[in-house]
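What follows is one structure encoded as structure tokens, with my remarks underneath.
The values are calculated or read from the model by the stated rules, or taken from the named source; none is laboratory data. Since this is a predicted model, take the numbers as computed values, not measurements. Glycine also receives a Cβ, built like all others from the backbone with ideal geometry; neighbour counts cover every protein chain displayed. Note: accessible area is taken over every heavy atom of the protein model, side chains too, but ligands, DNA and RNA are not part of it. Shrake-Rupley method; radii C 1.70, N 1.55, O 1.52, S 1.80 Å.
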Amino acid sequence: MRKENSLYYEIVKQIVPSLLQEYFEIVQIEVKKDILLIYLEEKEDLIPEELRGKEVVKDGFENPLELQSHPLGDKLLYFNIRRRKWKEKGTTKSYSNKYTLHREGMKATFEFGDFLKETLG
């Protein structure tokens, strides 16, 4: 996200759960009629454990994970999360970090999932 939008960025950052901010950075925000979509990419310095101390290269991204969160105003809020793929230089096998970002069977942030479970049972 560009620095000239720093105030906008700081406001949006308050919406992103701290767990996501620990591993990912905001790269884009898309506002549609009834949806706010925040795109997050894994931070570049989070090289998988298996590759630490080796010469590594980026190898694209895993398929994105989309999580729903609490609505914001009159808009549904989604996080589009992309984990990086890495490989050791000169090899073809890719590695990615694994994170627990949502409860099994739910495509919602922990906070929103807990709220739904408490409210709906």
Would you calculate the separation in nanometres between label points at Leu19 and Glu44, each defined as 7 Å from the Cα along the Cα-to-beta-carbon direction? 2.8
Measure off, as a whole percent, the carbon and sulfur share of the 1.4 Å-probe accessible area of the chain, all protein chains present. 48
To the nearest Å², the heavy-atom accessible area per residue of the chain with 1.4 Å probe amounts to 67
Where GluC sites (Glu not before Pro) in DSSP loops with at most 11 other Cβ within 10 Å are excluded, longest remaining stretch of the chain: 56-103
Leaving out same-chain residues fewer than 8 places away, which aspartates and glutamates sit with a Cα under 13 Å from that of Lys43? Glu22, Glu25
